[in-house]
Amino acid sequence: MINEKTIIAGFGGQGVMLMGQLLSFAATEKDINTLWFPSYGPETRGGTANCSVTISDEHVNSPVISTPDTIIIMNKPSLAKFQPKLKVNGICLVNSSLVKDEEYRDDIRVYEVDANNIAKELGNLKVANMVMLGAYLALTKVFTEDEVLGILKKKFTGSKAKLIEINKYALEAGRKAVL
Amino acid sequence: MAKVLMKGNEAMALAAIKAGLDAFYGYPITPQNELPEYLSKQMPLHGRAFVQAESEVAAINMVYGAAGAGARVMTSSSSPGIALKQEGLTYIAGAELPAVIINVMRGGPGLGGIQPSQADYKQITRGGGNGDYYLYSLAPESLQEAVDLIKESFDIADYFRNPVMIAVDGLIGQMMEPVDFEREVPKWDLKPKTWAADGNRKNRKKNIINSLYLDPNDLENHNLKLKAKYDEMRDKHQRYEMINMENAEIVIVAFGSTSRISRTAIELLKEEGINCGIIRPITIYPFPQNAFNEIPESVKNILVVEMNLGQMVDDVKLHVQGRLPVHFYGRVGGIVPEAEEISDQVKKIVGGTYE
C-alpha cells in the first residue's frame, strides 16, 4: 500500500523538477498512480522552484499537496516555506551543504545530507540532486535504486549514456549518507 | 496499451494528432508553450501542417481559412492570447466552421500572471466575441479526461459545425500524469463536408464561406439556425458528474482542477462526519442545468468553488432559482486553493457561521 506525498524544493538549475519526474516515471513503469506538479516563476535558472509528487495505489485527487509526508529541501528559502507544512513525524531531507544551522520542528525526522560536497567528490556537482534522491529512496523505500536507474537508462541515451554511472554512484552515496 | 507519463500540454497535443488533426496554427504564450512545441516537432513527421503565426490574430484567421477548406484544425493559447482570438472565433462560429481551441487559462485581467486560473469562464461560456453565438466548451479535470475529450472534440466540432473550446487551467497544462491514449471515445455520426471550399468544383455548385448577411431577414434566419444548434447542445449534450450525492447535506459545484481538489476536500469532510457531494460540470457550455434538478432533498446548501472571483456561481444561482442558498469560495492571482481551505468553507456553512 503506497500513498506517498513529497514536495521537492530548491533553486532552478538544481534538478529539482527532474528528481520529481523520475519518481513519477518509476511509478508509471509499475502501473502505480502518480501526479507530478511543478511550481516555478518565469525565470528558469536561479529562481525558486518546487514540484509536488504524489504516488499512490489509489486514485490521485488534489494535485496540490497541503501536508507532505516528505520534503526534500535543496536550499535555505525552501526550508522556511515547506517545513511548516510537513506532517507530524514526516521526513525532512535537507541538503546541508547549503542549509546550515537551521531550527527544526521537534515533531519531524530531519536527515542532513552534504549533497553538494558528496557530488563534487564524485566529480560532478550536478548530481547533488541524485545524492538527495538516493537518500530519499533509502528512507522511504518507495522504489529501489535500480528502478530509478532503469528510468535514467531510458532517458540518457547516445552521448548522455556515459552519465548513468555517476548517477548510480550518486544514488548509492545518498543512501550511505542516511543509513 | 501501457499508460504513458506526459506533461498535460504535450498529452493534449498528442491527443489532437490521434484525432486526425490536419493543421495547427498558434502563437507562443505561457503556460501552454509545450503544446505547440510538441506539435512543431510531431506534425511534420505525420505529414501535417504546423505554423507558428506572426500573432494570435493571424493564427486564428489561419484556423478560419483551413477550417473553411474542410481541414481538421486547432489552435491553442492562454487567456490573453485567447482574448486576441475572439474576433476570429466569432467569424468561425458565424460561418459555421468546425475548429478546436485549447485555452490553458492563466490569471488576468490584462497580462495578469502565468499561474493557473479559471477566470475566463464568462468569456468562454458567453461566446466571447460579438454577436449571438456560443462555443461548445469542455472542462476536463485530469489528463486522461483531457485526452479523451480532445479526441472526441473534433467530432463534436464537425457535427455541430461550430468551434469547440477545451477549457483547462495552467495546472492541467503543466502537470504530469499517466495517460492511456488508446481508450475508446464516442464516435459521432458525421456527414461529408460538402460545404467546404476545398477547390474541388467538379460535381457541385460554388461553396462560399461567409458570416455577412446584409438582409435583416437572412441574418435573422441565420441567427435562428445557429440557435437551433445551441438548443440541441443544451437539450442533448450537457455533460456532468455527480459525486457522493446520496444523503449529502451540502454540495460543492466545481469544474476542472478545482473539482479535483474538492474530491480531496470531501474525503477530509467524511472523516469529520460531514456528507458533502460534488456536481462537476464537464461541459461549461452548455451549462449542465439538468444536474440541479437531480439534487436530493437532503441537500441544504450549495458552495461554488472557482479559481476566480465568482463567475460560474451566477449560472448556478440561475438554475437553482432560489431553492437553496448558494455560497461562493474562490482564489485568484494564480493561487490554487488547498483541499483544507475548501473543507473549512463547507464546515463554516454547515455550522451556520458562514458570512
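Table for the structure above
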| item | result |
| --- | --- |
| Per-residue Cβ neighbour rank within 10 angstrom, fewest leading, B:169, A:101 | A:101, B:169 |
| Calculated from backbone phi, Karplus (6.51, -1.76, 1.60) coupling profile of the stretch B:50-55 in Hz, x at Gly/Pro | 10, 10, 8, 6, 7, 6 |
| Whole-Å semi-axes of the ellipsoid equivalent to the stretch A:80-136 (Cα gyration tensor, √5λ, descending) | 23, 11, 8 |
| Sum of side-chain charges, residue B:318 neighbourhood, beta-carbon under 14 Å (Lys, Arg +1; Asp, Glu -1) | +3 |
| Computed helical MRE - 222 nm, chain B, DSSP H runs ≥ 4 contributing -39500 (n - 2.57), nearest 500 | -12000 deg cm²/dmol |
| Gaussian network model of chain B, springs between alpha carbon atoms under 10 Å - residue of B:292, B:154, B:328 with greatest fluctuation | B:292 |
| When each of B:85/B:317; A:30/B:41; A:5/A:87; B:193/B:227; A:85/B:7; B:187/B:225 is checked by Cα-Cα distance, pairs over 19 Å | B:85/B:317; A:30/B:41; B:193/B:227; A:85/B:7; B:187/B:225 |
| Inter-centroid distance (Cα atoms) of the stretch B:314-329 relative to the stretch B:152-174, Å | 27 Å |
| For the protein assembly as shown, average projected area of the Cα convex hull in nm² | 27.7 nm² |
| Dipole magnitude of the protein assembly as shown about its Cα centre (Cβ charges: Lys, Arg +1; Asp, Glu -1), debye to nearest 20 | 1460 debye |
| Sparse-neighbourhood loop sites, trypsin sites (Lys or Arg not before Pro) in the stretch B:103-137 - DSSP loop, at most 14 other Cβ within 10 angstrom | B:126 |
| B:202, B:225, B:270 arranged by Cβ crowding within 10 Å, fewest neighbours leading | B:202, B:225, B:270 |
| Top of B:235, B:314, B:218 by mean-square fluctuation, Gaussian network on chain B, Cα under 10 Å | B:218 |
| Shape category assigned to the stretch B:12-161 from the gyration tensor of Cα positions, a/c cut at 1.5 | rounded |
| Cβ neighbours within 10 Å from other chains - mean over B:179-187 | 0 |
| Residue-wise HN-Hα coupling along the stretch A:144-151, computed from phi with Karplus coefficients 6.51, -1.76, 1.60 (Hz; x: Gly, Pro) | 8, 4, 5, 5, 5, 4, x, 5 |
| GNM result for chain B, Cα springs below 10 Å: residue of B:173, B:277, B:322 fluctuating most strongly | B:322 |
| 13 Å beta-carbon shell around residue B:105, net charge (K/R +1, D/E -1) | -1 |
| Rounded to 5, the percent of DSSP beta bridges in chain B classed as antiparallel | 25 percent |
| The stretch B:101-221 - Rg and Dmax from Cα coordinates, angstrom | 18.2, 53 |
| Chain A - mean residue ellipticity at 222 nm from DSSP helices (-39,500 (n - 2.57) per run, n ≥ 4, rounded to 500) | -12000 deg cm²/dmol |
| Residues A:121, A:102, B:306, sorted so that the one with the fewest Cβ neighbours within 10 Å comes first | A:121, A:102, B:306 |
| Among beta bridges that DSSP assigns inside the stretch B:1-146, antiparallel share in %, nearest 5 | 10 percent |
| Hz values of 3J(HN,Hα) by residue in the stretch A:119-127 - Karplus curve (6.51, -1.76, 1.60), Gly and Pro given as x | 5, 4, 4, 6, x, 7, 4, 5, 8 |
| Size of electric dipole in the stretch B:59-202: Cβ of Lys, Arg +1 and of Asp, Glu -1, about Cα centre, debye, nearest 20 | 620 debye |
| Antiparallel bridges, percent of DSSP beta bridges restricted to the protein assembly as shown (to nearest 5) | 40 percent |
| Length-normalised contact order of the stretch A:123-179 in % [C-alpha pairs under 8 Å, at least 6 apart] | 57 percent |
| Separation between Cα centres of the stretch B:81-100 and the stretch A:89-164, rounded to whole Å | 49 Å |
| Calculated diffusion of the stretch A:3-178, Stokes-Einstein form, Kirkwood radius summed over Cα pairs, 10 °C and 1.306 mPa s, µm²/s | 99 µm²/s |
| For residue B:169, distant residues with modelled amide H under 5 Å away | B:105, B:257 |
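Any read-out appearing in this document is the output of simple, stated calculations on the displayed coordinates, not a laboratory observation. Owing to the predicted nature of the structure, the values given are computational and were not obtained by experimental measurement. Glycine also receives a Cβ, built like all others from the backbone with ideal geometry; neighbour counts cover every protein chain displayed.
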